[in-house]
Amino acid sequence: MRVLFIGGTGVISSECSKLCVDKGMDLVLLNRGKSFRKPPSKAEIINADIRNYNSTRNALTNQKFDVVVDWIAYNEEHVKNDYEFFKYKTGQYIFISTASVYQKPVLKLPITEETPLDNPFWLYSRAKIACEKFLLKVYKENDFPFTIVRPSHTYDETKNPLKENYLPFHRMKHGKPIIIHDDGNATWTLTHAKDFAKGFVGLLGNSSTIGEAYHITTDETLTWNEIAELIAHSAGYELKAAHIPSSFIKKYDDEWGDGLLGDKAHNVKFDNSKIRKIVPEFNPAIKFEQGASEIADFYVRRKIDNHFNEKLDLLMDKIISDYFIKGKA
């Protein structure tokens, strides 16, 4: 099976690339070659920018694929361009959406693929919904063979669920509070990229998935307080939590606030029975206790990356000060 990944060296896609190659697939990665993550040695690399029409057209002349996966399509224009590129070049196009497209506030748990798509809080999610609607349209009108995958907060050792990356460790090291939205008791799902890959790769080339959508998540749920404690404990730091309403955070940072109000501030739990019917071997086994240890190992023990966003660090100080010292204005 010949598979094209647009991207393929990101947080989620890297593990999927590795597993594709391990399973003997003929994997081609089309990207700009700027990621620090190394692609599998057996993958074919095409250095091109999918946003550059001429670059992509020249790179893919006379090429066809059993499956095309776009890991970096974020709006309807991106997906429309993919449709023009690949409508005669593939038997399956997989769009990477997001589980944040599901209705917010969440009215019923667990979330299934039949949960309505409606997120009035977050533009990112609404753009992904528009992509899904376009694909459904061209499927009905022109039989374009799409499959939709909706990850929910999938991570590897480089992706700290606390905002962001090394910064929480820097703050804990210096005795500074970590902002946890609201009371920290909203339940959340964190899926290791290796577990996600097991479910995802099973969809490739499977004709029964055409026209369908699947989320792929772990079954473990934790509160944000528990998540923060696991990260602090894994790094050997004391956690000082500053609980601040998501709506208050949004006053200072729209992107951060929208991501909370449109996703992380809500209780979530996913029903994964649909992906298990297609990929029976999908059985996420990596608990976040192990994942937190990997993250702490990457940032604290091995010190692979100790850069942090100084502007965001100062903003966090201001948010905490304004909320607790200036009377929760």
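Just so you know, all these numbers are worked out from the coordinates, no wet-lab data involved. The shown structure was predicted, so the numbers you read here are calculated from the model rather than taken from an experiment. Counting neighbours? That spans all protein chains shown, and the Cβs are built from the backbone with ideal geometry, glycine included.
Can you give the Rg to Rh ratio of the chain, both from alpha-carbon atoms, with Rh computed by the Kirkwood formula?
Working: Rg = 20.3 Å, Rh = 20.9 Å.
Radius of gyration over Kirkwood radius for the chain works out to 0.98.
Modelling each spin label as a point 7 Å along the Cα-to-Cβ direction, I'd like the residue 52/residue 143 distance in nm, to one decimal.
3.6 nm
Using per-residue counts of other Cβ atoms within 10 Å, averaged over each peptide, order 219-232, 245-258 from highest down.
Working: 219-232: 19.5, 245-258: 16.9.
Result, highest mean Cβ count within 10 Å first: 219-232, 245-258.
For residue 90, list long-range residues whose amide hydrogen, built 1.01 Å from N in the peptide plane, is under 5 Å from its own amide hydrogen.
HN-HN under 5 Å from residue 90: 65.
Measure of size requested: the Rg and Dmax of the range 249-290, with Cα atoms as the atom set and Å as the unit; please supply both.
16.0, 45
Can you list residues from other chains, or at least 5 along the same chain, whose modelled amide H is less than 5 Å from the amide H of residue 215?
When sequence neighbours closer than 5 places are left aside, the close amide H contacts are 150.
Per 0.36 nm of contour for each residue apart, how much would the distance between residue 305 and residue 62 grow if the chain were fully extended, relative to their Cα-Cα spacing?
On the way: separation 243, 0.36 × 243 = 87.48 nm, distance 4.14 nm.
So the chain would gain 83.3 nm between residue 305 and residue 62.
Measuring from label point to label point, each 7 Å out along Cα→Cβ, what is the residue 44 to residue 133 span in nm?
3.7 nm
Only bridges whose two residues both fall in the chain count here: according to DSSP, what percent of them are antiparallel, nearest 5? Could the numbers behind the result be given before it?
Details: 3 of 35 bridges.
Percentage antiparallel, nearest 5: 10.
What does the charge add up to near residue 197, with Lys and Arg as +1, Asp and Glu as -1, over the other residues with Cβ less than 14 Å from its Cβ? Write out the running numbers ahead of the final one.
On the way: positive: 18, 23, 37, 194, 198; negative: 15, 22, 156, 195, 281.
Net charge in that neighbourhood comes out at 0.
Net charge within 15 Å of residue 62 by Cβ-Cβ distance, Lys/Arg positive one each and Asp/Glu negative one each, not counting residue 62 itself? Write down the numbers at each step before the final one.
Details: positive: 2, 57, 64, 89; negative: 44.
Residues close to residue 62 contribute a combined charge of +3.
Rounded to the nearest 0.05, what FRET efficiency do residue 112 and residue 325 give with R0 = 56 Å and r taken as the Cβ-Cβ distance? Could you check?
Working: r = 44 Å, r/R0 = 0.79.
Step by step, r from the Cβ atoms, then E = 0.80.
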